[in-house]
Amino acid sequence: MRTRSKKHSRSINESGQSSGFLAMTAIKPGEIDALRAYLEGFRDRGERPLDKVSGTHMARFVIVEKFNCKPVYKQRRAENIACASLAFSSNLDGSIDRYLDVLCEQLQPEAQEIWGRCVGSPATCEGKALKDYLKHNQIDCGFFYAAYGEATVPKVKAALDQRERLMAFATEHQGVPAAELQQAFIEEFA
Amino acid sequence: MSIAPPAGPITATGTASRNIDGQAISITVFSTIKPWGKVFLPILFAVTKRAPKLTKTLVQLSFIHFARWSLVKQIPHNGPPQPEQKLRYTHMYFESNFNGGWEEYIDAFSHILTSGMAAFWGSSFGFPKALPVGPFKEYITENETAASHYYSAYPEATITMVKAALEVDEHLVPLKRGAQNLSPEAFQDAYTKMLTDAQRSL
C-alpha cells in the first residue's frame with residue numbers, strides 16, 4: 001500500500017505541539033449499520049476506548065453517507081459519495097507518526113471492530129499495517145486551530161487538578177501562621 | 001445505502017447527545033466548494049496560518065478548544081469493493097470542539113466572525129452569508145453530520161477552565177521551586193503575591 005512520503009508537509013497539520021489528524025476510510029458494503037451500532041454503543045456501554053490512546057485531547061468518529069445538495073444551493077450537479085466513509089479525526093499531542101504508533105498498539109480490540117469494517121483494511125488491524133492504512137487514508141488540514149496548542153493532555157489534566165487543589169488550599173489555610181503555611185504548601189505542591 | 005437514524009435527542013445545548021462529551025461539544029460540517037474556492041481557500045488557509053493576528057478573534061471567543069478546515073479533493077481509494085470515484089467538486093470538512101451551547105456558538109460565529117465566515121465559507125455552494133443568523137443556522141443544520149462517537153480527555157473542563165488552570169500553573173511554578181529555600185515570612189509574602197497574581201484565574 002502506498003503511504004505518504006516524508007516530504008509531505010507536517011506543519012499544515014500542526015499548531016504548537018498539537019497536531020490534527022483526519023482519515024476517511026470507505027466502509028465495506030453492508031457494514032454501515034453494524035459499525036454505527038458499535039461506535040454508538042461505546043456510550044451505552046460506558047466505554048471510553050480513546051482513554052487508552054494517550055495524547056488524545058478530543059476525537060470523533062463520523063459516518064459520512066452523503067454530500068448535501070439542495071436546489072437552492074444553485075449547484076449545477078449534485079454529487080453523491082460512492083461509498084459511505086468513516087471519518088476519524090483526532091486532536092493530539094506531538095507528531096502524527098508517534099500518535100498513530102500508540103493508537104495502533106493500544107486501541108485493541110476496538111480497532112479491529114472499527115477499521116475491520118472498512119475497505120482495504122489489514123486482516124489484523126494493529127501495528128504497522130494499521131498505521132500504514134490510516135496514513136494512506138489521511139486527509140491534511142487546510143487550517144488547524146488549537147487554543148492551547150503548547151499544552152499536552154497530561155499537562156492540561158495536571159493543571160486542572162492543581163487549580164482545584166490550590167483553591168481548596170487557599171480556603172483552608174487562611175490566617176495560618178507563616179511556618180505552618182509554608183510546610184503545608186510544600187507537602188501539597190512542592 | 002442505509003439511512004442514518006436520528007442523531008439522538010436534541011439536548012439543552014441544542015445539539016444531538018452523541019455530539020457531546022461532558023462540557024465538550026463537537027460539530028462536523030461538510031460543504032461543497034465552488035470551483036474558484038479550490039484556488040482561493042488554500043491561499044486563505046496559508047495566509048491565516050502565517051498571520052496569527054487573523055485568528056485573534058477566534059482566540060478571544062474563548063470557547064473553542066480545537067477547530068480545523070480540510071479540503072477533501074478525493075476520497076482515498078482502497079481498492080474493490082470501493083468504486084474508484086473522481087470527485088467532481090472539492091468538499092470542505094469543518095470540525096470544531098467547543099463548549100457552551102450550539103445556538104450560542106453559531107450566534108457568536110455569525111456576529112463576531114462575520115467577515116471570517118464569509119472568507120471561509122463564501123465559496124461553499126448555498127452559503128447564505130453569516131448574517132442574518134437564521135438562514136445560516138439552517139445551512140449548518142442541513143450540512144452537519146452527527147458524530148457516532150465523540151471523546152474528550154477532560155470532559156468536565158471548559159476552555160476557560162483549561163486556560164485558567166494553565167495560567168495558575170505559570171504563577172505557581174516559581175513558588176513550588178523556591179518554597180523550601182525561603183524563610184517562612186518571605187514564603188508568606190511570595191504566597192500572597194502568587195494568589196493575588198493568579199486571582200483572576202482562580
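The values are calculated or read from the model by the stated rules, or taken from the named source; none is laboratory data. Note that the coordinates shown come from a computational prediction; the quantities given were computed from them, not determined experimentally. Glycine also receives a Cβ, built like all others from the backbone with ideal geometry; neighbour counts cover every protein chain displayed. Keep in mind that these areas ignore ligands, DNA and RNA; they rest on the heavy atoms of the full protein, side chains included. Shrake-Rupley method; radii C 1.70, N 1.55, O 1.52, S 1.80 Å.
Every residue, every condition in (1) crowded, with 20+ Cβ neighbours inside 10 Å; (2) in a loop (DSSP other than H, G, I, E, B), yes or no:
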| residue | (1), (2) |
| --- | --- |
| B:D107 | no, no |
| B:F120 | yes, no |
| B:L131 | no, yes |
| B:E138 | no, no |
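The rows are residues; the columns are (1) open to solvent by 10 Å² or more (accessible area, probe 1.4 Å); (2) in the same structural domain as B:T90 (by TED's automatic domain parsing); (3) over 24 Å from B:A16 (Cα atoms).
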{"residue": "B:L113", "(1), (2), (3)": "yes, yes, yes"}
{"residue": "B:M117", "(1), (2), (3)": "no, yes, no"}
{"residue": "B:G126", "(1), (2), (3)": "yes, yes, no"}
{"residue": "B:G134", "(1), (2), (3)": "yes, yes, no"}
{"residue": "B:A179", "(1), (2), (3)": "no, no, yes"}
{"residue": "B:D189", "(1), (2), (3)": "yes, no, yes"}
{"residue": "B:D197", "(1), (2), (3)": "yes, no, yes"}
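Looking for something within 27 Å of B:K34 (Cα to Cα) and of a type outside the set (V, I, T) - is there at least one such residue anywhere in region A:96-118?
Checking region A:96-118: not a single residue is within 27 Å of B:K34 (Cα to Cα) and of a type outside the set (V, I, T).
Quick check on region B:89-104: of everything there that is at pLDDT 95 or above and outside any strand (DSSP E or B), which residue is nearest to the chain's Cα centre (by Cα)?
B:T90
Restricting attention to region A:151-190, report how many residues are within 15 Å of B:S183 (Cα to Cα), in contact with a Phe, Trp or Tyr (Cβ under 8 Å, 6 or more places away or on another chain) and either more than 8 Å from chain B (Cβ to nearest Cβ) or among the small types (G, A, S) (or both).
Counting residues in region A:151-190 that are within 15 Å of B:S183 (Cα to Cα), in contact with a Phe, Trp or Tyr (Cβ under 8 Å, 6 or more places away or on another chain) and either more than 8 Å from chain B (Cβ to nearest Cβ) or among the small types (G, A, S) (or both) gives 2.
Residues to consider are A:A147, A:A184; find the one that is surrounded by fewer than 17 Cβ atoms within 10 Å (Cβ to Cβ) and either more than 17 Å from the chain's Cα centre (by Cα) or not assigned by TED's automatic domain parsing to the domain that holds A:A23 (or both).
A:A184
Can you tell me which residue in region B:140-160 is nearest to the other protein chains (Cβ to nearest Cβ), limited to those that are touching a residue at least 40 places away in the same chain (Cβ under 8 Å) and open to solvent by 20 Å² or more (accessible area, probe 1.4 Å)?
B:T145
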